[in-house]
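Notes follow the structure.
The values are calculated or read from the model by the stated rules, or taken from the named source; none is laboratory data. Keep in mind the model is a prediction, meaning the values are calculated, not measured. All Cβ positions, even for glycine, are placed from backbone atoms using ideal geometry, and neighbour counts span all protein chains on display.
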Amino acid sequence: MKKIGWIGTGVMGKSMCIHILKNGYPLSVYNRTKEKAGELCKEGAAWLATPGDVAAASDVTFTMVGEPADVEQVILGKGGVLARSRPGSVIVDMTTSEPSLARRIYEEAKGKSVSSLDAPVSGGDIGAREGTLAIMAGGDEEAFKRVLPVFELMGKNIAYMGGPGMGQHTKMSNQIVIAAAMVGVVESLLYARRAGLDLDAVIDIIGKGAASSWCLNQLGRRIVKGDFAPGFYIRHFVKDMGIALLEARRMKLSLPGLALANQFYIAAMAEGLETEGTQALYKVLDRLNRP
């Protein structure tokens, strides 16, 4: 794996690319908004005009875009990543997307002697910057082992979860936990504020006990500071919960906690908060509790 390609240099993708560049890999990049790749190009990345051009120049092509429809267009579209990938190369989709789409990409790639992995991540903007992401991969284990040295530049908790789509199923399990956890964090801080407590002091004590969680210790602190900048967009989280609910229906599985959290986040979208961080759920429940 000598030549790396990357499509999607947004909030997390840019930081993940920095780790690749700093470790000496030649990197080609593409993003719909070229300016967002400007910093990477200054660091030595080569800008190419299309996703297909990136794939043609790369031994492994990573994609990290927004929606399943974007994944489908970028990878399976005319002149896209798969159409231009060389036999023996690997496509790694790190977008949180649909397990069924991951399986479709795998089958179509296999037909062209190209390997495919679905490898979504968890850890947000902080994990991306610090290179400590959790990476959960599905696909062929041989392809996973080939890409593992690159994964290790971006993450600390990396696991092969099984066949195609299993990385995405694992990420859905992750998002289900976070959905309920964020509701709990917000309600806890609202309760503490109403009771007259110092919110940082509350996080200091309960964040080291049974209530400890990444959501509380990281995003809770941002809430206290009034920092609602996105480490992960609300609109992307609503997309993820929608995928999880769809998969749950297919499995005839009832997940009322996830459905409730989803409704709160849809309310956040209705209030125009779709491009704020997931911690902006605080604003929604705060307004519900105003006298």
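Looking for something in contact with a helix residue (DSSP H, G or I) (Cβ under 7 Å, 6 or more places away or on another chain), among the acidic types (Asp, Glu), in a helix (DSSP H, G or I) and under 30 Å from residue 280 (Cα atoms) - is there at least one such residue anywhere in segment 128-143?
no
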query = Restricting segment 28-37 to residues that are assigned to a loop (DSSP other than H, G, I, E, B) and out of contact with any Ser or Thr (no Cβ under 7 Å at 6 or more places or on another chain), which is farthest from residue 88 (Cα to Cα)?
reply = 33
query = Among 229, 259, 248, 270, which is the only one that is modelled with pLDDT under 95, surrounded by fewer than 18 Cβ atoms within 10 Å (Cβ to Cβ) and under 28 Å from residue 65 (Cα atoms)?
reply = 229
inquiry  = Looking only at segment 38-79, how many residues end up being outside any strand (DSSP E or B), buried (at least 22 other Cβ atoms within 10 Å of the Cβ) and either touching a strand residue (DSSP E or B) at 6+ places or on another chain (Cβ under 6 Å) or of a type in the set (Val, Ile, Thr) (or both)?
reply    = 10
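A quick yes/no check of all residues on (1) touching a residue at least 24 places away in the same chain (Cβ under 8 Å); (2) crowded, with 22+ Cβ neighbours inside 10 Å:
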residue: 105; (1), (2): yes, yes
residue: 133; (1), (2): yes, yes
residue: 137; (1), (2): yes, yes
residue: 141; (1), (2): no, no
residue: 146; (1), (2): yes, no
residue: 158; (1), (2): yes, no
residue: 167; (1), (2): yes, yes
residue: 174; (1), (2): yes, no
residue: 182; (1), (2): yes, yes
task = Please state which one of 106, 25 is closer than 21 Å to residue 148 by Cα, out of contact with any Cys (no Cβ under 8 Å at 6 or more places or on another chain), among the aromatic types (Phe, Trp, Tyr) and in a loop (DSSP other than H, G, I, E, B).
result = 25
message = Can you list the helices (runs of 4 or more DSSP H) lying wholly within segment 150-240 that have 1 or more residues being assigned by TED's automatic domain parsing to the domain that holds residue 281, hydrophobic (A, V, I, L, M, F, W, C) and within 30 Å of residue 99 (Cβ to Cβ)?
response = 166-195
